[in-house]
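Each remark here refers to the structure printed beneath this line.
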Amino acid sequence: MADDKSKSPADASTIWGGRFEAGPDAVMEAINASIDFDQRMYAQDIAASQAHARMLANQKIISTDDADAIIAGLDTIRSEIEASSFEFSRALEDIHMNVEARLTELIGDAAGRLHTARSRNDQVAVDFKLWARAALDAMDGDMQALQSALLDQAEAHAASVMPGMTHLQTAQPVTLGHHLMAYVEMVGRDRGRAADCRARLNESPLGAAALAGTSFPIDRDATAAALEFDGPARNSMDAVSDRDFAMEFLAFASILSVHLSRLAEEYVIWCSAQFSYARLGDAFSTGSSIMPQKRNPDAAELVRGKAGRVIGALHGLMIVMKGMPMTYGKDMQEDKEPVFEATETLQLCLAAMTGMLGDTKFNTDRMAADAGTGFSTATDLADWLVRVLGMPFRQAHHVTGAIVKLAEDKGCGLEGLALSDMQGVEAGITADIFEVLGAENSVNSRTSFGGTAPGNVRAAVAAARKRFLD
Ligand code: ARG
């Protein structure tokens with residue numbers, strides 16, 4: 001029986017075509033087939049079928065002998081796929097029917113009992129959820145690796161002063177460590193969104209059958225538990241038509257891609273000759289074929305660009321789903337490629353950003369020199385007037401504005417003004433003022449919770465290692 005190929009279905013219509021007289025047109029087959037991409041879910045398809053077969057036997061819906069044969073046959077198929085000796089066939093449409101057809105070749109009639117109390121509608125939903133769950137887990141590890149790389153640089157640069165910017169204009173001095181820690185927080189929230197998505201998707205559709213449930217005495221709790229779901233989805237129609245999990249997955253993925261793109265943009269700016277705040281090692285730089293002096297941060301530009309694909313995937317799937325009446329429609333076969341592509345793209349981008357961070361030398365002298373320019377300590381001057389002279393902040397702001405104007409006219413920084421110049425604007429100013437005008441003094445004074453002072457950054461790094469890396 002085991003090698004009886006005469007029973008092997010040649011195309012999908014031999015599985016579902018009881019009332020069909022002719023096979024499909026070649027174009028029909030081309031538009032219908034999903035095997036080229038859904039073969040990625042082979043492990044999930046096999047695991048779900050094995051759980052289903054075991055449950056059917058436990059419930060005495062099929063014999064234990066048949067279940068054993070099915071489970072062993074599916075093990076063989078998994079090995080064949082992993083050894084690349086399995087022949088995927090477009091004529092068999094999708095992963096579900098490719099596996100079932102091969103199972104029929106391997107074990108004969110017993111294979112036909114596997115599809116009792118099941119439909120491809122609950123089958124594809126369970127496979128896809130299992131795949132998405134594994135992808136979220138894998139990406140969580142990748143995001144953690146990125147946080148770890150950010151933390152290493154943040155710790156090394158807890159006290160490296162740089163210009164903090166708003167509107168891409170120098171605003172106030174900050175530390176590079178503080179700047180990088182902002183991304184640790186962002187990626188931390190991305191991981192939280194992935195965890196939320198995982199928790200919400202973790203209900204098993206298996207046993208919803210086509211859409212209405214089944215008349216067989218199945219045990220949905222058992223299959224849910226075997227596949228490590230929290231429990232069965234409560235409504236059979238929702239179970240087969242729910243694709244929120246895929247949309248939520250892509251929403252998480254899109255926000256993450258935006259965060260990566262923002263960090264990538266910082267790299268592009270920092271690596272430019274005009275800024276020269278960072279230098280990527282040879283491993284993450286590319287040259288130009290005509291301009292020998294160039295060192296381009298191509299990987300950063302690609303991370304920035306690839307956000308477009310991920311956001312496009314979210315939009316694409318939402319547009320597929322927005323007009324779908326209950327329950328399943330073949331439109332929904334368009335759900336998987338966006339999720340596969342977004343996952344592949346993000347895993348590459350996360351690895352690239354992590355690699356770049358490890359391969360970056362920051363030009364701390366250059367950043368420190370810029371940190372004091374652009375009257376970046378003007379707020380510190382105003383704060384001094386409030387603190388020492390008891391001036392209302394609005395008035396201090398006004399006085400400081402006049403002093404900035406004076407420095408601008410003289411073409412120097414605030415610290416380059418003579419005490420007498422400043423006293424000409426506000427007689428109460430003393431030589432102590434110079435202590436707050438340096439960029440380093442400025443960052444050292446920012447000790448409020450969440451502020452940029454080096455001590456704060458070191459404490460934030462230690463706390464983040466516990467929160468995110470343990
Ligand atoms: N390949 C299909 C998909 O990805 C599987 C479900 C097919 N169900 C059906 N009733 N035609 O959606």
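The Rg/Rh ratio for the range 237-333 is 1.23, where Rg is the radius of gyration of the alpha carbons and Rh is the Kirkwood radius. Summing Cβ point charges (Lys, Arg +1; Asp, Glu -1) relative to the Cα centre of the chain gives a dipole of roughly 1060 debye.
Please work out how much length the chain gains when fully extended from ALA182 to PHE20, using 0.36 nm per residue of separation minus the C-alpha to C-alpha distance, in nm with one decimal. Result: 52.2 nm gained on full extension.
Label point of GLN293 set 7 angstrom out along Cα-Cβ; within the range 340-375, amide nitrogens under 20 Å from it belong to 363, 366.
Taking GluC sites (Glu not before Pro) across the range 155-242, the ones in a DSSP loop with at most 12 further Cβ atoms lying within 10 angstrom of their Cβ are GLU228. Counted by neighbouring Cβ atoms within 10 Å, the residues SER236, SER89, SER376 run from fewest to most as SER89, SER236, SER376. Place +1 on the Cβ of every Lys and Arg and -1 on the Cβ of every Asp and Glu in the range 102-256, take the dipole about the Cα centre, and give the residue among MET143, MET181, LEU256 whose Cα lies farthest towards its positive end. It is LEU256, whose Cα lies furthest towards the positive end. For LEU348 and ARG189, the difference between the fully extended length at 0.36 nm per residue and the C-alpha to C-alpha distance is 55.3 nm.
Of the residues LEU74, ALA369, SER420, the one whose Cα sits farthest toward the positive end of the charge dipole of the chain, with +1 on the Cβ of Lys and Arg and -1 on the Cβ of Asp and Glu, is SER420. Relative to the current alpha-carbon distance between ALA138 and LEU389, full extension at 0.36 nm per residue lengthens the span by 84.7 nm.
Putting +1 on Lys and Arg Cβ atoms and -1 on Asp and Glu Cβ atoms, find which of PRO338, PRO163, LEU201 reaches farthest to the positive end of the dipole of the chain. Farthest towards the positive pole: PRO163. Modelled spin-label separation between ASP238 and SER84, with each label point placed 7 Å from Cα along the Cα-to-Cβ direction: 4.4 nm.
Ordered by the number of other Cβ atoms lying within 10 Å of each residue's own Cβ, fewest first, ASP470, ASP365, ASP137, ASP122 fall into the sequence ASP470, ASP365, ASP137, ASP122.
Between helix 95-107 and the chain there is an angle of about 40 degrees, using the helix long axis and the longest principal axis of the Cα atoms.
Along the Cα-to-Cβ line of LYS466, 7 Å from the Cα, sits a label point; which residues in the range 426-452 have backbone N less than 14 Å from it? Zone members listed by number: none at all. Summed over all non-identical Cα pairs, the Kirkwood treatment of the chain gives a radius of 26.6 Å. Using the Cβ-Cβ distance between LYS322 and ALA10 with R0 set to 25 Å, the FRET efficiency works out to roughly 0.10. Seen against the Cα atoms of the chain and their longest principal axis, helix 244-271 is set at about 40 degrees. Listing ARG220, ARG394 from fewest to most neighbouring C-beta atoms within 10 Å gives ARG394, ARG220.
Quick note: the coordinates plus some simple rules give every number you see, no bench work behind them. The model shown is predicted, which means the values in this text are computed figures rather than measured ones. Methodologically, a virtual Cβ is constructed for each residue, glycine included, from the backbone with ideal geometry; neighbour enumeration extends over all protein chains shown.
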